[in-house]
Amino acid sequence: MTQAPPPVSAAARAAFEARLRGLESHYHIHHAFNRRMASGQCSREQIRGWVANRFYYQVNIPLKDAAILSNCPDRDTRREWVIRILDHDGTDSEPGGIEAWTRLGEAVGLTREALWSQQQVLPGVRFAVDAYVNFARRAPWQEAVCSSLTEMFAPAIHKERLAGWPEHYPWIEPEGLAYFRSRIPLAQRDVEHGLRVTLDYFRTPAEQERAVQILKFKLDILWSMLDAIEKAYPD
């Protein structure tokens, strides 16, 4: 008979969570390209290039989440996680995040056809996003859940854009910013679930170090996307 693992103290659990949250310094809010974008220093071409390339990430989020579901035998977890797919793919009554990003594209001067053709997607961005989806397909579902915890840091970057873009980029149609506004409460909800899974599953020091490295991997994915965009759209 397999013996249940010993309980983790509240202090150890809090320390583990603090380690995960401490990776915020690696979040792409600190990338030079994002700092320029946040301070109004990006050209229209750079904004459009960023929106077009980030769209590839957006359309792959449901594929990533579906991969997690396909590997997860726990019914309760699947019931909570499947909501994320609907958040992005949408329903008849709620268009969803992909549609909201499409409207952002239109607001910055891109056509739907330009976005959905993905012809502007850079090889470096495609490689990074595909690596993330492949990780979710092949890793234990709990590890893939852990990789989603970059959402802990997302509300700050959404709020930054909502606060600064109307002033710095008045040429962008205001309704196009709805994506950022909608993601703030959804990210907070998703983090609550993802953290619960992660804190419950990664218990030993070695397992927790593994979780830290997984989250760092996901942060590197987001960072490398901006590296590719910055190189393709220089000042």
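The values are calculated or read from the model by the stated rules, or taken from the named source; none is laboratory data. This one's a predicted model, so the numbers in the text were calculated from it and none came from an experiment. Every residue, glycine among them, receives a Cβ derived from its backbone with ideal geometry; neighbour counts consider all protein chains shown. Heavy atoms of the whole protein, side chains included, go into the accessibility calculation; ligands, DNA and RNA do not. Shrake-Rupley method; radii C 1.70, N 1.55, O 1.52, S 1.80 Å.
Within the stretch 43-82, the set of residues being within 15 Å of residue 122 (Cβ to Cβ), open to solvent by 50 Å² or more (accessible area, probe 1.4 Å) and not basic (Lys, Arg) comprises just one member, 45.
Among the residues of the stretch 146-168, those that are over 30 Å from residue 210 (Cβ atoms) and surrounded by fewer than 18 Cβ atoms within 10 Å (Cβ to Cβ) comprise 159, 160, 162, 163, 164, 166, 167, 168. The number of residues in the stretch 190-207 that are polar (S, T, N, Q) and surrounded by fewer than 21 Cβ atoms within 10 Å (Cβ to Cβ) comes to 1. Note on the stretch 83-109: residues that are open to solvent by less than 20 Å² (accessible area, probe 1.4 Å) and not small (Gly, Ala, Ser) total 7.
For (1) under 20 Å from residue 176 (Cβ atoms); (2) touching a residue at least 40 places away in the same chain (Cβ under 8 Å), each residue gets a yes or a no:
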{"position": "86", "(1), (2)": "no, no"}
{"position": "89", "(1), (2)": "yes, no"}
{"position": "92", "(1), (2)": "no, no"}
{"position": "99", "(1), (2)": "yes, no"}
{"position": "105", "(1), (2)": "yes, yes"}
{"position": "109", "(1), (2)": "yes, yes"}
{"position": "114", "(1), (2)": "yes, yes"}
{"position": "122", "(1), (2)": "no, yes"}
{"position": "125", "(1), (2)": "no, yes"}
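For the stretch 114-131, a tally of residues being within 12 Å of residue 55 (Cβ to Cβ) and of a type in the set (D, E, K, R) returns 1.
Listed here are the residues, each with its yes/no results for (1) over 22 Å from residue 37 (Cβ atoms); (2) not hydrophobic (A, V, I, L, M, F, W, C).
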| position | (1), (2) |
| --- | --- |
| 130 | yes, yes |
| 133 | yes, no |
| 136 | yes, no |
| 140 | yes, yes |
| 150 | no, yes |
| 155 | no, yes |
| 176 | no, yes |
| 203 | yes, yes |
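Looking across the stretch 210-234, just one residue is over 22 Å from residue 133 (Cα atoms) and without any contact (Cβ under 8 Å) to a residue 40 or more places away in the chain, and that is 234.
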